[in-house]
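The values are calculated or read from the model by the stated rules, or taken from the named source; none is laboratory data. Nothing here was measured: the structure is a model prediction, and the numbers come from that model. Heads up, the Cβs are rebuilt from the backbone with ideal geometry, glycines too, and the neighbour counts pull from every protein chain shown.
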Amino acid sequence: MPDPTADADIHERLRGRDYREAFTLLLPRYRDKVFRLSVSMLRDQARAEDITQEVFLRIWRALPGFQGQSALSTWIYAITKNACLSELRKRRPQVSLDDDEYDSEVASLAAPEVDDSATVSVGQLLERLPERYRQVVTLFYMEDKSYDQTAASLGLPLGTVKALLHRARKRLIELTREDAASTS
Amino acid sequence: MNDRFEPAERNEHHAAWDERLQDWLDADLDAAQTALVESHLAACPVCRERLAELREIDAALADALPRLALDEAFDRRLLAQIHEQDSAARAEARRRAEEEFAAGATALARGWRRSLVLVVTGAIAGAALASALLGQLEASILTEALLTHAPGALDQGWYQLASTMLLGGGIGAMIARWLATAAE
Ligand SMILES: [Zn+2]
């Protein structure tokens, strides 16, 4: 999946033990991808920004130990996923306590404009999707509808991403219909 | 025209075409498939209706899930934090190196002190032993010499002192080495 020639410039710096230069190349290339992956997992931009910072601090510290055993991108996304998962585990008990605050955060992320109370925003519909669908859809659109980038970030085969996206959007159409039927 | 399908047929038709419609919308088809979908759309109102729904949900998702990005302010904060942590790590490494050096110096001084004690003890013990030995051996000779060659008596005294020191040093070194191995 990941292009083996990708990040050749960074690998060269790593071989020369020029970690500072490697990091300077890596940060602008991966910053937003790590951030979007974090948003898709955490559903919270502020937390995702904190986690992104933590991820890059970890990368900086771990860079001398990176042996190129996997693609750099795979390594970076794996670090991101681990950081998000441990953040989610930390947060879980808190979520059940202030659900209202959490919901409004999610709604403000997924639906920037104010909706009529009669129509349900797509952001709210997204929340009704199974987690896998929701995450794939979120990342796919944030990544400018790139199948490749979505698959790379999530560490999933391209075919799986496409299948999940098809089913997710089909499900969203059904939910829209159900919603229209229940309000009319 | 929509009623030319029974509901079951309609579902079957959707199952056959939905994915391709979605792929067409995502611009993920080759030229031949694109032509096929477009000619089908021209003839099939059911698929045109479905396409309108897919397009609507696609537009809503694209609106709700913008291409989020972090800015240079993030980079600056991150690099400042890295700098801070690295300085702290360097200070810690320096502190640890100084501690190790101090511990090494103390150990060295302790070693020297112990060696000195062993050598001095060995020397004294050696000298005492040697003088006792020589004293007994030469008592008669010395008395005799003093009596027979009165002017050379002083030379004889110096000779005895020198030989006592020589023998004492030899024995002392042996005792010091034995003490050192015993002390290990
Ligand atoms: Zn059709």
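What the table below lists for this structure:
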item	result
Long-range neighbours under 8 Å by Cβ, at least six apart or interchain, first residue under 16 Å from residue B:40 (Cα atoms) and in a helix (DSSP H, G or I) within region B:5-27, second aromatic (Phe, Trp, Tyr) and within 11 Å of the ligand (Cβ to nearest atom)	B:13/B:5
Which listed residue is within 11 Å of the ligand (Cβ to nearest atom) and in contact with a Leu (Cβ under 9 Å, 6 or more places away or on another chain), from B:10, B:50	B:50
Count of region B:63-115 residues which are over 19 Å from the mean Cα position of the chain (by Cα), surrounded by 13 or more Cβ atoms within 10 Å (Cβ to Cβ) and either assigned to a helix (DSSP H, G or I) or in contact (Cβ under 8 Å) with a residue 12 or more places away in the chain (or both)	10
Unmet criterion (only one of (1) within 11 Å of another protein chain (Cβ to nearest Cβ); (2) under 25 Å from residue A:135 (Cβ atoms)) for residue A:72	(1)
Test: residue in region A:65-73 that is under 14 Å from residue A:153 (Cβ atoms), polar (S, T, N, Q), crowded, with 16+ Cβ neighbours inside 10 Å and touching a Pro at 6+ places or on another chain (Cβ under 8 Å)	yes
Answer from B:67, B:77 - the residue that is within 12 Å of chain A (Cβ to nearest Cβ) and touching an Asp or Glu at 6+ places or on another chain (Cβ under 9 Å)	B:67
Complete set of residues in region B:10-42 that are within 56 Å of the chain's Cα centre (by Cα) and surrounded by 12 or more Cβ atoms within 10 Å (Cβ to Cβ)	B:19, B:20, B:22, B:23, B:24, B:25, B:26, B:28, B:29
Qualifying residue in region B:15-35 (condition: within 15 Å of the ligand (Cβ to nearest atom), at pLDDT below 90 and in contact with a Cys (Cβ under 9 Å, 6 or more places away or on another chain))	no
